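The values are calculated or read from the model by the stated rules, or taken from the named source; none is laboratory data. Just so we're clear, the structure is a prediction, and the values are computed from it rather than from any experiment. Quick reminder, even Gly has a Cβ in these numbers, built from the backbone with ideal geometry, and neighbours come from all protein chains shown.
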């Protein structure tokens, strides 16, 4: 059931969605795409459509009757309306009871079918059907920034999540600190990132654009600055982006990781990592060890010092030595 | 252990310390706000003490109120506590809305200050405003409705109040000494673990909740036993007034839902104090257990809060429509169904924690099932209005505002129950808009309606009607302005708990919400003015006879205020709407009662002693002042043992005294002029109702 398929006469439904449309138009003013009312990916598109469907359904069958009946009764049976019937003992009427229970039951039954199907179809763990193999991205939540690792490309970034348009993205997430929640509203769902544990999220951008990305779970003073930009670009542009990160990026090693793990905002981190940060306050990393993500999961979950196997980086980007350090390092979470 | 006599309490704990040490602009602004708030607490305390001393009320306060086991006085004290805490939490809300209205790129509050505000606002509103309010109303009304002389365990009742007040006092003192938690009202670890929040904040939160949840558990047991065991003859379960049904359901929920919270906060305390690893990231800890435990409490808690309000609306809609409640049996079934279902939906608070689609879908469907009994209730209330004769007095205005606004809150609740939509709006201000949309028109309007409805019963005079209407309109409009913009902001991707933002698109909606908050504060001020005016004009608005609204249940069948033993003789109930039946059959206001000696509980200092000691223990635990914990822990144990040896725990009101008081009231009944319903809000109303004119047709 699409919104447009509903007839013209449903003015209340339109009023109910008016608020959404207003929000949508306001959101459109911004330089980055804010909400899922302006969807740019298949997941957000489905969520957007479902929101409108459910809002219209509920507005017509739940809100409308009450907004009509209640004021009507209140006026019709007001104390001064002497000619209205008064039945002080009328307190039971079987058919009305059946309707009173039956109405909500039918609505909820219909909604349940919808919810059951869509929850399975849009499970955040479910791979998005595509002719292209999904791109792997590993996400580590720090206070107060997200580290995006591209394990197959050997690069990483903070402040910017680059995505090739039309290719599904399979994210795996963890936290090196407290619980956080990653969301790019214009693309789709959010999922928690938790220390010592791994969660998954699948997204796809269907058009090029710059989208708001954020942490939605409060995690301290820098919470409101834990934003990033998800940049959807053509596959060719993405290859260029990766090349740029490989050449211009900061080498990912234990000292860089120690800086990242400090409780600091992205701006403070970029300043600390010298001037090699990318434009717009983002920073790229090269020579990223392939096992970095699993090492962080293990470290956070056990409380043991961080170790990264020496050979892990060499296989992916052919720069042996850059990450060939195995050292003990206390993680930033213990303060 | 004896390293420092005041544990970790130092001068730095004072709210103005930081401002004096680091006087930069931002720090000074926040220091001034924090110091002002602390001053309000300290000055409020000083003024209260001075006034009590000035009017020599200490003895009265102690013997008539604090040590009283009378459920009516305990109920009143609960409501007073709720109003005091409401004032603080509402001012905090105003400050937060102001911050966000100016929050584009900064605002005036530091992130830490803002985080304390949303944490205390939520903690207070749930545990120290909503819970005391509904507990107070149930305390006052429920024993009267079932024809009982008191609750089953009057001294336990007093202890519950004292523990709740101790928790509230702990939250208040956190304004003066140290800082409160920044982890929100739900205090999710590992953020609230010692490794990330080493200060006293989470400890204040843990012990305030512990005191409050112990009090609520005792209250739940007390109320449930009272309803099961102390009903008047003939008051079968299916004749209980609906408010008492909701009180029963809420009590059952309290008994089962509070322990998971107590355990979860105790486990968090073990983590923080003794280095356990229940919820840490490492060494086998897992915060997901906390999420489960917290919401195993937290979701039933939502219905603990809303059900008594449903009960209030059932009473007021029926009374002010001059009609029996439509679908009584359905409403009872719906209430109990909500009670059962409330334990089956907790996972919807974390659809985004990574569990599978089957689980999410099952809990989404379970959540929507609650919409069925809730919808039934709304419709049954409307059918109650059908063919009634409706008076739009203050409680009825709240009831109608509630029904219209609650439908929208329920609607957004169904949206959130859909995991697919929740993946988007979870943790956004859309969620904030939703739960305020159910909590404010649902719970808060319900409690304020109850306050207007039963105030004449408790104090013997009506509240000023005009002030009440002004306040009601301000509440309703203020609520809409404050929270409807948040729905749109949430859909625009604004997360909750954001001190500042960088999107100019948020500003207009945030500004509207700020004006809404101002209007809500105006509504609260109107309530204050109304109370002042009502007390001033109390002699003109007395309703001593006791039935100002043509009430339907037993609480209206006695004088206002009622005698301490409630009923000169326990009434015999023959049907639903017991007092309406009595009025129709001429059995109301009978002079010839078989008078006998009535045993009432004696005052006990156990409640205030345990409350004060509980506060001191909690304070010592927060600041690691171990000698304080030990001394007051000993006092608690000693007090309970001493109480165990107490005899003479009751005293007798003689039959002669009962007869005299009853006669005094019967004389007033005889003198009173019965009035019609269109004059019920005038001074002509002495509390004696004329049967409603049935109109042209029947």
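Taking the stretch A:72-118 on its own, how many of its residues are under 43 Å from the mean Cα position of the chain (by Cα) and within 27 Å of residue B:412 (Cβ to Cβ)?
Total satisfying the criteria: 20.
Filter the stretch B:347-366 for residues that are more than 9 Å from chain A (Cβ to nearest Cβ) and in a helix (DSSP H, G or I); which is nearest to residue A:124 (Cα to Cα)? Show your work before the answer.
So the first thing to find is which residues in the stretch B:347-366 are more than 9 Å from chain A (Cβ to nearest Cβ), and the list is B:347-349, B:355, B:359, B:363, B:366.
Still in the list and also in a helix (DSSP H, G or I): B:347-349, B:359, B:363, B:366.
Values: B:347: 16, B:348: 15, B:349: 16, B:359: 13, B:363: 16, B:366: 20 Å.
The qualifying residue nearest to residue A:124 (Cα to Cα) is B:359.
Checking the conditions here, which among B:546, B:516, B:528 is part of a helix (DSSP H, G or I) and in contact (Cβ under 8 Å) with a residue 60 or more places away in the chain?
Going through B:546, B:516, B:528 in turn, just one is part of a helix (DSSP H, G or I) and in contact (Cβ under 8 Å) with a residue 60 or more places away in the chain: B:516.
If only one of A:75, A:90 is at pLDDT 95 or above and out of contact with any helix residue (DSSP H, G or I) (no Cβ under 7 Å at 6 or more places or on another chain), which one is it? Can you show your working first?
Numbers: A:90 fails: at pLDDT 95 or above.
Only one candidate qualifies: A:75.
Please indicate, with yes or no, whether at least one residue in the stretch B:344-351 is assigned by TED's automatic domain parsing to the domain that holds residue B:678 and in contact with a strand residue (DSSP E or B) (Cβ under 9 Å, 6 or more places away or on another chain). If you could, list the steps in order and put the result at the bottom.
Filtering the stretch B:344-351 down to residues assigned by TED's automatic domain parsing to the domain that holds residue B:678 leaves B:344-351.
Those still in the list that are in contact with a strand residue (DSSP E or B) (Cβ under 9 Å, 6 or more places away or on another chain) too: B:350.
For the stretch B:344-351, residues assigned by TED's automatic domain parsing to the domain that holds residue B:678 and in contact with a strand residue (DSSP E or B) (Cβ under 9 Å, 6 or more places away or on another chain): present.
Any idea which residue in the stretch B:346-394 is surrounded by the fewest Cβ atoms within 10 Å (Cβ to Cβ), counting only those that are closer than 20 Å to residue A:64 by Cα and in contact (Cβ under 8 Å) with a residue 60 or more places away in the chain?
If we take residues in the stretch B:346-394 being closer than 20 Å to residue A:64 by Cα and in contact (Cβ under 8 Å) with a residue 60 or more places away in the chain, then B:386 is surrounded by the fewest Cβ atoms within 10 Å (Cβ to Cβ).
Do we have any residue at all in the stretch B:283-303 that's farther than 30 Å from residue A:189 by Cβ, touching a residue at least 12 places away in the same chain (Cβ under 8 Å), under 28 Å from the mean Cα position of the chain (by Cα) and crowded, with 23+ Cβ neighbours inside 10 Å?
Checked against the condition, which is being farther than 30 Å from residue A:189 by Cβ, touching a residue at least 12 places away in the same chain (Cβ under 8 Å), under 28 Å from the mean Cα position of the chain (by Cα) and crowded, with 23+ Cβ neighbours inside 10 Å, the stretch B:283-303 yields no hits at all.
Search the stretch A:110-128 for residues being in contact (Cβ under 8 Å) with a residue 24 or more places away in the chain and farther than 26 Å from residue A:294 by Cα, and hand back the single one that is farthest from the other protein chains (Cβ to nearest Cβ).
Checked the stretch A:110-128; the qualifying residue farthest from the other protein chains (Cβ to nearest Cβ) is A:110.
Which number in (1) in contact with a strand residue (DSSP E or B) (Cβ under 6 Å, 6 or more places away or on another chain); (2) at pLDDT below 95; (3) assigned to a helix (DSSP H, G or I) marks the one condition that residue A:257 misses?
(1)
Being in contact with a strand residue (DSSP E or B) (Cβ under 7 Å, 6 or more places away or on another chain), touching a residue at least 40 places away in the same chain (Cβ under 8 Å) and either outside any loop (DSSP other than H, G, I, E, B) or over 19 Å from residue B:68 (Cα atoms) (or both) is the filter here, so list the residues in the stretch B:624-677 that pass it.
The answer is B:650, B:651, B:652, B:653, B:658.
Is it the case, given these coordinates, that residue A:99 is at the interface with chain B (Cβ under 7 Å from one of its Cβ atoms) and either surrounded by fewer than 19 Cβ atoms within 10 Å (Cβ to Cβ) or modelled with pLDDT under 95 (or both)? Steps first, answer last, please.
On the way: at the interface with chain B (Cβ under 7 Å from one of its Cβ atoms): no; either surrounded by fewer than 19 Cβ atoms within 10 Å (Cβ to Cβ) or modelled with pLDDT under 95 (or both): yes.
Spelling it out, it is not the case that residue A:99 is at the interface with chain B (Cβ under 7 Å from one of its Cβ atoms) and either surrounded by fewer than 19 Cβ atoms within 10 Å (Cβ to Cβ) or modelled with pLDDT under 95 (or both).
Going by the structure shown, is residue B:553 more than 30 Å from residue B:408 (Cα to Cα) and in contact (Cβ under 8 Å) with a residue 12 or more places away in the chain?
The answer is yes for residue B:553.
Can you tell which of B:96, B:85 is in a helix (DSSP H, G or I), touching a helix residue (DSSP H, G or I) at 6+ places or on another chain (Cβ under 7 Å) and more than 30 Å from residue B:155 (Cα to Cα)? Quick ask: steps written out before the conclusion?
Working: B:85 fails: more than 30 Å from residue B:155 (Cα to Cα).
After applying the criteria, what remains is B:96.
Given (1) crowded, with 21+ Cβ neighbours inside 10 Å; (2) touching a residue at least 40 places away in the same chain (Cβ under 8 Å); (3) under 19 Å from the mean Cα position of the chain (by Cα), where does residue B:406 come up short, assuming only one miss?
Checking residue B:406 against (1) crowded, with 21+ Cβ neighbours inside 10 Å; (2) touching a residue at least 40 places away in the same chain (Cβ under 8 Å); (3) under 19 Å from the mean Cα position of the chain (by Cα), the one that fails is (2).
At pLDDT 80 or above and within 12 Å of residue A:252 (Cα to Cα): does that describe residue A:295?
no
When the residues of the stretch A:298-325 are narrowed to those that are buried (at least 18 other Cβ atoms within 10 Å of the Cβ) and modelled with pLDDT of 70 or more, which ends up farthest from the other protein chains (Cβ to nearest Cβ)?
Looking at residues that are buried (at least 18 other Cβ atoms within 10 Å of the Cβ) and modelled with pLDDT of 70 or more, I get A:308.
Would you mind telling me which numbered condition in (1) assigned to a helix (DSSP H, G or I); (2) modelled with pLDDT under 95; (3) out of contact with any helix residue (DSSP H, G or I) (no Cβ under 7 Å at 6 or more places or on another chain) residue A:62 fails?
The number of the failed condition is (3).
How about the stretch B:319-346: which of its residues are more than 30 Å from residue A:81 (Cα to Cα) and part of a loop (DSSP other than H, G, I, E, B)?
Listed by number, the residues that qualify are B:342, B:343, B:344, B:345.
Can you tell me which of B:332, B:312 is under 19 Å from the mean Cα position of the chain (by Cα) and either over 30 Å from residue A:216 (Cα atoms) or surrounded by fewer than 23 Cβ atoms within 10 Å (Cβ to Cβ) (or both)?
Within the list B:332, B:312, the selection yields B:312.
Exactly one of these conditions fails for residue B:152: (1) away from chain A (no Cβ under 14 Å); (2) touching a helix residue (DSSP H, G or I) at 6+ places or on another chain (Cβ under 6 Å); (3) buried (at least 24 other Cβ atoms within 10 Å of the Cβ). Give me its number.
Of (1) away from chain A (no Cβ under 14 Å); (2) touching a helix residue (DSSP H, G or I) at 6+ places or on another chain (Cβ under 6 Å); (3) buried (at least 24 other Cβ atoms within 10 Å of the Cβ), only one is false for residue B:152: (3).
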